[in-house]
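Single-structure report; data block below.
The values are calculated or read from the model by the stated rules, or taken from the named source; none is laboratory data. Remember, it's a predicted structure, so these values are computed and weren't measured experimentally. Neighbour counts are summed over all protein chains in view; Cβ atoms, including those assigned to glycine, are modelled from backbone coordinates with ideal geometry.
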Amino acid sequence: MISYILRRVAYAFPILIGVNIITFVLFFVVNTPDDMARMQLGMKRVSDVTITNWKEERGYDKPILWNKDSESIKKITDTIFFQNSVKLFVFDFGRSDSGRDIGHDISQRMWPSLAITVPSLILGLLSYISFGLILAFFRGTYVDVSGVILCVIMMSISGLFYIIGGQYLIGKFLHLVPISGYDTGLHAVKFTILPIFIGLIGGIGVSTRWYRTIFLEEMGKDYVRTAKAKGLSETRVLYQHVLMNGLIPILTGVVVILPSLFMGSLIVESFFAIPGLGSYTIDAISRQDFAIVRSMVFLGSVLYIIGLILTDISYTLVDPRVGLN
Amino acid sequence: MPVIFITDALIFILVLMVFTYVFYARHYEHLRTPWHAVACRPLAMSAAIILVIYIVVGLLDSVHFHPKLESTKSSDTTYSTEVTSLLDLVLDDLNKNTERTYSAPLASYSFAKEMTDLSSGKQIRAYARLKYGGAHLDNPELDSLADITKKIFIGLVYGLSVSFVLSSFIIFILSKTHKIRFKQAFNKICKNEFPVAWTAMIITISITLISMSIIYNLSQYYHVLGTDKVGQDVLFQAIKSVRTGLLIGSLTTLVMLPFAVMMGLMAGYFRGWIDDVIQYLYTTLNSIPGVLLIAASILLLQVYIGNHSDDFNSIEERADLRLLFLCVILGITSWTGLCRLLRAETLKLREVDYVKAAQAFGVGNISIMLRHLLPNLMHIVMITIVIDFSGLVLAEAVLSYINIGVDPSMNSWGNMINGARMEMAREPIVWWSLAAAFVFMFVLVLAANLFSDAVRDAFDPRIRQQ
């Protein structure tokens, strides 16, 4: 098992190098540091001196790949590629274009993100699985048909509508909870209720329909017929056999997004003014802070790849038919 | 003088491809049967009618030209530098009739109190009359409700008569093609006895015609969906946004399709190192969070446009380039799913007897892929195209909200929502821009979802067997 995990981790490295090269090319070769400086300082009427200063402050004045003025090992290390891209591998994110320590910001901001995403995931799984199971139980009846129609309608509504409508209805009209903002410690709870609830509503359509399909597929299998032929009741078959086997694809589908929960949700966080990593990214995009966007791209990729590895491992744990090779 | 934007050209190529496909599919039983199954589903055909209406609006909006200027000399004609489309001509009234600022749907007075000069020279703060909305009324406070009811009624009568004529025409055509008398065809329609869902289609056409005629009749005298901050008609904006939504949904797929199909086929057929390289490529691209890749690319495009601002003749051209670029980036982030599906299916298919036989006969690899494998993968491609469409339309709104979507100068539902978001804090709230964008988007996405469900059910062999 350990050698299997090690092999999977070894496979992940070339992918991370690929991601790193793509982001490097996007941020330093397609657009040179000169372009970035001009963008940040204002498009025209920028003197060359200010641009040089800007680049010097951020270390973007070095050669891109090969520093021929330096000595020995510094020929490679004293370059933009090494300083800004290779260092990401040890999670040294450096400083943002506005001068803040990105690593410190990330460690601060991941907690509010987790406070939203983790409860959303748990509550979502519980409710969507129950809804899916109910629809599958009543398959072919009016409950099922109207449930599916409701799902299709709900998945056709823009997610922005749920957020804007929910904010207006609950926060402003009913005055139950604050519309947006965040607080430390336990006070945070009243700020997280609304985003979690709205996220839950927004996901119902897609997830319930998908889980219903999984359960229906499971119900059509031979072992279910055998269980019924043995004389087991419909509910017992549903809870003991269908639910347990249906959970395999659902849970392995969830494992892949587990690490990405750190990243938070871009839209939800920026609408509800939650100081998590999602709004951090959005702010960086709108301020055109390339250093932060670059770090977040890398971090997101690492977390996704960890998710992929965890998925493979969880398959081998849950399903004995999947071998370790 | 016609102007062809890149996206216009691509969209007409797409239309051409759809027509070629229709001609191609007519001759093959294995394609005709599933499409016939789609045509027999009432919900799917109603959705198809709605989609067709959206597509017609989008296509009208894709024919761009420089309008002719009325010149004093008759010999030489000059053209305006402005770019307009056929849709702009149709909706000219809506476009031109702008108010000063916000006004509620069907209102005759402005939304907020304004300072107005009285004839006596004094100034008062009052709700000013609108320039166009309800301008024909002498005393809007008393008459407006009765007038609106009257206009709705007239629109209803027009709509009913047009839809009556159109339905009878459809029934007439049906009676000719089925070689039965008109009355029999009419009875069959009433009892819903045709295998193809004609009844549902006629009902949908009638309902849309009636509502369109009511809205048209009202829009001649009022702002049906109100006006926005700069006084532009919201209905006009919402209709103009149709093109953007459709383009994002369809062009993205068009852009990524060749890559996904080629890569998927090659990975599955050749296996070995080609498979490894392609798998590596899509895993790498997939591992970059989609939104971030889009954000990074759009940032870079902005830098590029900023540095090369002289290369663009007009704002429209710049917005068009950004739209195309967005489609390409969305394509890059979304081709991996299709590629993976195609690879898995090709891996299965290459072991099938007829492929083995073709190999034994010495048929080249490329013709095996094109003649024997590709046609058997088309159902996956078809299902992916229709399922992706609605997701992409919704994604546009979200991306425009974070300012990494289409150009802010472009009409799009995302930009409408983005612009109206701040107005939720007003008291009383300005809700009509948001509502219009959400409703137009909802109708399109719902229709696309219903239609794609039917297409999937008809083409997916796993579902068809049950």
Next on the checklist: What's the number of the only condition in (1) at pLDDT below 90; (2) facing another protein chain (nearest Cβ under 10 Å) that B:N411 fails to meet?
Outcome noted: (2)
Checklist outcome for this item: When every residue in the stretch B:304-335 that is within 13 Å of chain A (Cβ to nearest Cβ) and surrounded by 21 or more Cβ atoms within 10 Å (Cβ to Cβ) is compared, the one nearest to the chain's Cα centre (by Cα) is B:I329
Item to check | Exclusive hit being in a loop (DSSP other than H, G, I, E, B) and without any contact (Cβ under 8 Å) to a residue 60 or more places away in the chain, set B:F164, B:F194, B:F172, B:F186 | outcome: B:F194
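Among the residues of the stretch B:424-450, which ones are more than 11 Å from chain A (Cβ to nearest Cβ) and in contact (Cβ under 8 Å) with a residue 40 or more places away in the chain?
At the first step, the residues of the stretch B:424-450 found to be more than 11 Å from chain A (Cβ to nearest Cβ) are B:426, B:428, B:430, B:432-433, B:436.
Correct list: B:V430, B:W432, B:S433, B:A436.
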Next on the checklist: Checking the condition under 30 Å from A:P112 (Cβ atoms), in a helix (DSSP H, G or I) and away from every other protein chain (no Cβ under 14 Å), which residue from A:F215, A:F191 passes?
Outcome noted: A:F191
Checklist entry - Given the conditions (1) part of a helix (DSSP H, G or I); (2) surrounded by fewer than 17 Cβ atoms within 10 Å (Cβ to Cβ); (3) more than 14 Å from chain B (Cβ to nearest Cβ), which single one is not true for A:V242? => result (2)
Checklist entry - Do the conditions hold for B:T7, that is, is it among the polar types (S, T, N, Q) and surrounded by fewer than 17 Cβ atoms within 10 Å (Cβ to Cβ)? => result no
Checklist outcome for this item: When the stretch A:257-276 is checked residue by residue, the ones that are surrounded by 18 or more Cβ atoms within 10 Å (Cβ to Cβ) and among the aliphatic types (A, V, I, L, M) are A:L261, A:M263, A:L266, A:I267, A:V268, A:I274
Item to check | Qualifying positions in the stretch B:389-441 - assigned to a helix (DSSP H, G or I), among the acidic types (D, E) and touching a helix residue (DSSP H, G or I) at 6+ places or on another chain (Cβ under 6 Å) | outcome: B:E396
Next on the checklist: For the stretch A:214-227, which positions are among the β-branched types (V, I, T) and surrounded by 13 or more Cβ atoms within 10 Å (Cβ to Cβ)?
Outcome noted: A:I214, A:V224
Checklist entry - If you go through the stretch B:395-408, how many residues are more than 8 Å from every other protein chain (Cβ to nearest Cβ) and of a type in the set (S, T, Y)? => result 1
Checklist entry - Which one of these does A:S180 not meet: (1) more than 10 Å from chain B (Cβ to nearest Cβ); (2) under 30 Å from A:Y239 (Cβ atoms)? => result (2)
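Being more than 11 Å from chain A (Cβ to nearest Cβ) and either of a type in the set (V, I, T) or closer than 26 Å to A:P33 by Cβ (or both) is the requirement here; does B:V381 meet it? Reasoning before the result, please.
On the way: more than 11 Å from chain A (Cβ to nearest Cβ): yes; either of a type in the set (V, I, T) or closer than 26 Å to A:P33 by Cβ (or both): yes.
Spelling it out, B:V381 is indeed more than 11 Å from chain A (Cβ to nearest Cβ) and either of a type in the set (V, I, T) or closer than 26 Å to A:P33 by Cβ (or both).
Within the stretch A:271-292, is there a residue that is under 22 Å from A:L126 (Cα atoms), within 12 Å of another protein chain (Cβ to nearest Cβ), touching a helix residue (DSSP H, G or I) at 6+ places or on another chain (Cβ under 9 Å) and in contact (Cβ under 8 Å) with a residue 40 or more places away in the chain? It would help to see each step written out before you state the result.
First pass over the stretch A:271-292, keeping only residues under 22 Å from A:L126 (Cα atoms): none.
There is no residue in the stretch A:271-292 that is under 22 Å from A:L126 (Cα atoms), within 12 Å of another protein chain (Cβ to nearest Cβ), touching a helix residue (DSSP H, G or I) at 6+ places or on another chain (Cβ under 9 Å) and in contact (Cβ under 8 Å) with a residue 40 or more places away in the chain.
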Item to check | Candidate set: the stretch A:294-325, residues that are crowded, with 24+ Cβ neighbours inside 10 Å and either without any contact (Cβ under 8 Å) to a residue 60 or more places away in the chain or not in a helix (DSSP H, G or I) (or both); chosen: the one farthest from the other protein chains (Cβ to nearest Cβ) | outcome: A:M296
Checklist outcome for this item: Condition set crowded, with 16+ Cβ neighbours inside 10 Å and polar (S, T, N, Q), scope the stretch B:131-178, selection nearest to B:A200 (Cα to Cα): answer is B:S167
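Name the single residue, out of those in the stretch A:120-177 being within 14 Å of another protein chain (Cβ to nearest Cβ) and among the hydroxyl-bearing types (S, T, Y), that is surrounded by the most Cβ atoms within 10 Å (Cβ to Cβ).
Our first condition is that a residue be within 14 Å of another protein chain (Cβ to nearest Cβ); within the stretch A:120-177, this holds for A:139-140, A:145-146, A:148-173.
Going one step further and asking which of them are among the hydroxyl-bearing types (S, T, Y), we end up with A:146, A:156, A:158, A:162, A:168.
Numbers: A:S146: 12, A:S156: 21, A:S158: 24, A:Y162: 20, A:Y168: 17.
Among them, the one singled out is A:S158.
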Checklist entry - For B:T98, all conditions in the list (1) exposed (fewer than 14 other Cβ atoms within 10 Å of the Cβ); (2) modelled with pLDDT under 80 hold save one; what is the number of the exception? => result (1)
Checklist entry - Yes or no: B:L392 crowded, with 18+ Cβ neighbours inside 10 Å, within 22 Å of B:L293 (Cα to Cα), away from chain A (no Cβ under 11 Å) and out of contact with any Lys or Arg (no Cβ under 6 Å at 6 or more places or on another chain)? => result yes
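When the stretch A:248-259 is examined, which residues are found to be assigned to a helix (DSSP H, G or I) and either over 16 Å from A:I309 (Cα atoms) or touching a Gly at 6+ places or on another chain (Cβ under 6 Å) (or both)? Working first, answer last.
Restricting attention to the stretch A:248-259, the residues satisfying the condition of being assigned to a helix (DSSP H, G or I) are A:248-255, A:259.
A:I248, A:I250, A:P259 - these are the residues of the stretch A:248-259 that are assigned to a helix (DSSP H, G or I) and either over 16 Å from A:I309 (Cα atoms) or touching a Gly at 6+ places or on another chain (Cβ under 6 Å) (or both).
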Checklist entry - Looking at the stretch B:1-61, what helices (runs of 4 or more DSSP H) fall wholly within it and have at least 1 residues that are closer than 23 Å to B:S314 by Cα and in contact (Cβ under 8 Å) with a residue 60 or more places away in the chain? => result B:6-26, B:42-60
Checklist outcome for this item: When every residue in the stretch A:245-270 that is among the small types (G, A, S) and within 12 Å of another protein chain (Cβ to nearest Cβ) is compared, the one nearest to A:D222 (Cα to Cα) is A:S260
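One line per residue, one yes/no per condition, for (1) in a helix (DSSP H, G or I); (2) within 14 Å of chain A (Cβ to nearest Cβ); (3) within 25 Å of A:F24 (Cα to Cα); (4) over 24 Å from the mean Cα position of the chain (by Cα):
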| site | (1), (2), (3), (4) |
| --- | --- |
| B:K240 | yes, no, no, no |
| B:G245 | yes, yes, no, no |
| B:M262 | yes, no, no, yes |
| B:G268 | yes, no, no, yes |
| B:T284 | yes, yes, yes, yes |
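Within the stretch B:274-282, is there a residue that is out of contact with any strand residue (DSSP E or B) (no Cβ under 7 Å at 6 or more places or on another chain), more than 14 Å from chain A (Cβ to nearest Cβ) and in a helix (DSSP H, G or I)? Before the answer, list the steps.
Of the residues in the stretch B:274-282, the ones out of contact with any strand residue (DSSP E or B) (no Cβ under 7 Å at 6 or more places or on another chain) are B:274-282.
The next check asks that each one be more than 14 Å from chain A (Cβ to nearest Cβ); those that pass are B:274-275.
Restricting the remaining residues to those that are in a helix (DSSP H, G or I) gives B:274-275.
Scanning the stretch B:274-282 turns up at least one residue that is out of contact with any strand residue (DSSP E or B) (no Cβ under 7 Å at 6 or more places or on another chain), more than 14 Å from chain A (Cβ to nearest Cβ) and in a helix (DSSP H, G or I).
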Checklist entry - Which of the following residues is within 14 Å of chain A (Cβ to nearest Cβ) and under 21 Å from B:R243 (Cβ atoms): B:I288, B:I294? => result B:I294
Next on the checklist: Exactly one condition in (1) under 29 Å from B:R322 (Cβ atoms); (2) of a type outside the set (V, I, T); (3) at pLDDT below 80 is false for B:Q466; which is it?
Outcome noted: (1)
